[in-house]
Structures are given as structure tokens and as C-alpha cells.
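Peer 1: Provided herewith is a single structure, encoded as C-alpha cells, for subsequent inquiry.
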Amino acid sequence: MRDPSEFPMKVSLADRLCRVTWGWYSVSMATGGVAILLSTTPHQFTGLDIIGRIIFLLNLVIFAAVTGCLLFRFASRSAALTQSVQDPKEGPFVATGPLALATIIIGAENYGTDACGPWLQTALRVVFWIYVAGALVEAVVQNWYLYHIRMASREPFALVRLFPSFPAMLSGTIASDLAPHQPRDQAIPILLGGTTLQGFGFLMSLFIYAEYFYRLNKHGLPTGAERLQMFIAVGPWSFTALALIGMAQAAVQQFPARYILSSVDSPPTTTTTTPVAVPAGEIVLILAAFVAVFLWTMAAFCLSIAVLSVLAQCRVFGGRGMVPISLAYWSMVFPNAGFVIATIRLGQVLQSAAILWVTSGLTICQVTAWLCVGSATVWAVVTRRMLWPEDEMDAKKGG
């Protein structure tokens, strides 16, 4: 990136605001993910809940600020909305808006349940179904549009094409948090809906993974900011693992003893004994725990590959040096927060104190990464290295 002092023209505040893209929702995603992580981490201390609530409120401010900037951009420049959707570098990131909203919903559940009355659970239930409908429509429409304009031929890095299906996949994560506090007649549909869309989003991600690993094997590691985006590959494995365990734990509480199996029960007779109740929820939990172990292993593999790839860029390891600060650095926060939460869920269900202590260390690392990337982003905006045109032509386009 060129030194901003080289630019002779003046850039107004309005021009800088018009340079906010859909990708800036990744800041909200990461902040919301850290707030959720702090509410989930197993070794709590006095004041941690207050810190988590402050970060949750900060996420609300960030989400509102990014939304306001985008509305200002699209209102100021008539073609900006169409251009943003068609741009191969920005279009796939439209889905980061619903992803940021998902962190707000989960944060409201984690931090608002004790502070608010029963109305919050009713409100969150309504919001959940609205989110599910919107995420499903967004996944179908945006994926179709990306196919229609052949986005894959214009955007070579496969992982960013995970985003259109990602909000649908987060429905399972939301369901795992909401269902335990809902009435049974409402919790079961939420769990089934969450499982449906979690499965859809995960299966869609498998197709992208196939291309991603094929390109790694054929062409080697990507360069520049794309290496930072390799952390995106950690997300689907991690969020599916934590969603399966969370929904299974809710199923233990919410499912009837012979749910599903009762549909094949024979009519009782005077000569047969009463069948032993099969704890359906516990069966689901056992299956979910073992499947989650498989998924967690792949998440850990993708995380390790991403870490090594980024470290290989550093000059101390013989690389060319890290790329300048950009939104790509936020890829290291949100997916990794999902990985830590998934590890926490596994530690709880496997009753492993060692795993839980490891996750406390991972939580510290994740919060540190969030603080470092956040501080660097703020400094880059202040020093005109972000939200600043690289050249006069780009400034006129308002890209």
C-alpha cells in the first residue's frame, strides 16, 4: 500500500465513509465472537462477565456503525449497491452482515437471559425464525447469483465462497443457545430447524473445501492476504462441532424419552410388559460428541496449516514479510473463536479438566489476537492506511 502522504488530493469524511465495504462486518463478527467466548470460557473470575457485557455492547455499536456507513454509501452513490454485489472482491462478503447479526443474537441470549424477563425468550424465538428464513433465502439467492455470473472464475480463492452459506450454518449454533431456555413445544422445532440448516451449510462447505484443498495440492500456498483468509477454513468444522454438541445437550433436556422411537412402538397389550423408556436425548448427545471429535480434528488441522502458512511469510522465518494491515487480518479472530468454543464444549461433554484448562489458555490467546488486530485497524484508519483511496481513480469510483 502506498504512503497516504503521496496523495495530493483531499479526501473528505464522506468519501472515507463511502469506502466502507461489506467486509467491515467482519469486525463485528470478531467482536461478537469474543463476547460469546468470554461468556462460555470455563474458568470464570470476578469481573469477567462485566468485561463480556462491555464487549457485547461494543459489538452493537460496531454493527450499527458499519450498517450506517453502508446505508450512507448506497444512498450517496446510486450504483454502489449493485457494484458491491457484482465485485468479486466484495460480493461474497455480503453474508458477513447476517453472520454479525448471529453473534448479536447469541450474545443477547448469553448476557440478557438473567437481566431481562420472559419477554426476551419470546423475542429471541421470533428473531430466530426470522433469521432462519432470511439466511435460507440469502443462501439460495446469493449462491445462485454467484453461479450465474461465474464468480469462481473471477475470484480464485475458494474459501470466501463459503460465506453465502455460512449464515444458514450459524442457525444451528443459535439454536443450541436458545433451545435450553425455550418451552418444549417451541424448543423441539428450533432444534430441528437448527439441525436442518446446520447440515445444509456444512454440506455446502464441503464442496468448497474440495476446491480449496485441490488448489493447495496443485498450486501450493496462496500469497499475500489470502494466507490470512486460510483461517476461514477453521469455521465450518468448528461451528458444526459446537452446534451439534450444544443442540444435543438441549435435546437431553427437551426431547421426550422415546422421541422418534415412539413412532414405531407397538400398541400395548395385556400380555406385554411396558417397554423401557429409551432416553432419546442421551443417544443424540453420545452420537454428537463422537461426530464432534471428528470435526474438531479437521478444524485443528486447518488451523495448524493456516498458522504455519502465515508464519512462513514472516521475515524471521525466511519469508517476504507480513502484508500491511487489512480486513483480512480479522479472519484470524472469528473462526478461531468458534474453534475455542467447540473445544470448550468437547471438554465439558468429555468431562476433561485438562481440555478445559487448555481452552482457558486459548481464550487468552484469542482475546489478545482480537485486541492486536483491533488496535492495528484503528491505527490504520487514523493514519489513513485504511478507508483511504490507493489512487485518484479509485477514489472517484468509491470502491
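Peer 1: Can you name the condition, by its number, that L285 falls short on among (1) surrounded by 15 or more Cβ atoms within 10 Å (Cβ to Cβ); (2) modelled with pLDDT of 95 or more?
Peer 2: So the condition that L285 fails would be (2).
Peer 1: Filter segment 212-231 down to the residues that are assigned to a helix (DSSP H, G or I) and loosely packed, with under 15 Cβ neighbours inside 10 Å and list them by number.
Peer 2: Result: F213, Y214, N217, K218, H219.
Peer 1: If you go through segment 353-391 one residue at a time, how many are more than 30 Å from D15 (Cβ to Cβ) and of a type outside the set (S, T, Y)?
Peer 2: Qualifying residue count for the region: 13.
Peer 1: Now for a separate question. Considering only segment 346-372, how many residues are closer than 20 Å to Y25 by Cβ and either in contact with a Gly (Cβ under 8 Å, 6 or more places away or on another chain) or crowded, with 21+ Cβ neighbours inside 10 Å (or both)?
Peer 2: Residues meeting the conditions: 2.
Peer 1: Among (1) within 18 Å of the chain's Cα centre (by Cα); (2) open to solvent by 10 Å² or more (accessible area, probe 1.4 Å); (3) of a type outside the set (F, W, Y); (4) within 28 Å of A251 (Cα to Cα), there is one condition I208 misses while meeting the rest; what is its number?
Peer 2: Unmet condition: (4).
Peer 1: Here is a further query. Out of segment 102-126, which residues are within 14 Å of G172 (Cα to Cα) and either free of Cβ contacts under 8 Å to residues at least 40 places away in the same chain or of a type in the set (S, T, Y) (or both)?
Peer 2: Answer for segment 102-126, where residues must be within 14 Å of G172 (Cα to Cα) and either free of Cβ contacts under 8 Å to residues at least 40 places away in the same chain or of a type in the set (S, T, Y) (or both): just T103.
Peer 1: Output the residue which, of all residues in segment 336-345 that are open to solvent by 10 Å² or more (accessible area, probe 1.4 Å) and not polar (S, T, N, Q), is farthest from the chain's Cα centre (by Cα).
Peer 2: Looking at residues that are open to solvent by 10 Å² or more (accessible area, probe 1.4 Å) and not polar (S, T, N, Q), I get R345.
Peer 1: Scan segment 83-92 and give yes if some residue there is at pLDDT below 95, open to solvent by less than 20 Å² (accessible area, probe 1.4 Å) and not small (G, A, S), otherwise no.
Peer 2: For segment 83-92, residues at pLDDT below 95, open to solvent by less than 20 Å² (accessible area, probe 1.4 Å) and not small (G, A, S): present.
Peer 1: Separate question: Only residues that are free of Cβ contacts under 8 Å to residues at least 40 places away in the same chain and not in a helix (DSSP H, G or I): list them for segment 157-185, please.
Peer 2: The one that is free of Cβ contacts under 8 Å to residues at least 40 places away in the same chain and not in a helix (DSSP H, G or I): P183.
Peer 1: Right, another one. Taking into account only those residues within segment 382-396 that are exposed (fewer than 14 other Cβ atoms within 10 Å of the Cβ) and part of a helix (DSSP H, G or I), which is modelled with the highest pLDDT?
Peer 2: Filtering segment 382-396 for residues exposed (fewer than 14 other Cβ atoms within 10 Å of the Cβ) gives 382-383, 390-394, 396.
Narrowing further to those that are part of a helix (DSSP H, G or I): 382, 392-394, 396.
Details: V382: 91, E392: 39, M393: 37, D394: 40, K396: 38.
Step by step, filter segment 382-396, then rank; the result is V382.
Residues checked against (1) among the acidic types (D, E); (2) surrounded by fewer than 20 Cβ atoms within 10 Å (Cβ to Cβ); (3) at pLDDT below 95; (4) closer than 30 Å to W357 by Cβ:
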position	(1), (2), (3), (4)
P4	no, yes, yes, no
F7	no, yes, yes, no
T40	no, no, yes, yes
T96	no, no, yes, no
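Peer 1: What about T103, is it within 22 Å of I344 (Cα to Cα) and either in a helix (DSSP H, G or I) or in contact with a Gly (Cβ under 6 Å, 6 or more places away or on another chain) (or both)?
Peer 2: Yes, satisfied.
Peer 1: Of everything in segment 108-131, what is at pLDDT 95 or above and surrounded by 21 or more Cβ atoms within 10 Å (Cβ to Cβ)? Give them in sequence order.
Peer 2: F128, Y131
Peer 1: Are there any pairs with C-beta distances below 8 angstrom linking a residue in segment 76-95 that is part of a loop (DSSP other than H, G, I, E, B) to a residue that is open to solvent by 60 Å² or more (accessible area, probe 1.4 Å), with the two at least 6 apart or on different chains, and if so which?
Peer 2: That search, which allows pairs on different chains as well, returns P88/R154.
Peer 1: Let me ask another. Being within 28 Å of G338 (Cα to Cα), assigned to a helix (DSSP H, G or I) and open to solvent by 70 Å² or more (accessible area, probe 1.4 Å): is that true of I50 here? Let's see the steps before the verdict.
Peer 2: Values: within 28 Å of G338 (Cα to Cα): yes; assigned to a helix (DSSP H, G or I): yes; open to solvent by 70 Å² or more (accessible area, probe 1.4 Å): yes.
So I50 fits the description; yes.
Peer 1: Something else about it: If I ask for residues that are in a helix (DSSP H, G or I), free of Cβ contacts under 8 Å to residues at least 60 places away in the same chain and open to solvent by less than 80 Å² (accessible area, probe 1.4 Å), which ones from segment 297-318 would you list?
Peer 2: Listed by number, the residues that qualify are T297, A300, S304, V307, L311.
The values are calculated or read from the model by the stated rules, or taken from the named source; none is laboratory data. None of the values given here were measured: they were computed from a predicted structure. With ideal geometry, Cβ positions are generated from the backbone for all residues, glycine too; neighbour counts draw on all protein chains shown. Quick note on the areas: whole protein, heavy atoms, side chains included, nothing else; ligands and nucleic acids left out. Shrake-Rupley method; radii C 1.70, N 1.55, O 1.52, S 1.80 Å.
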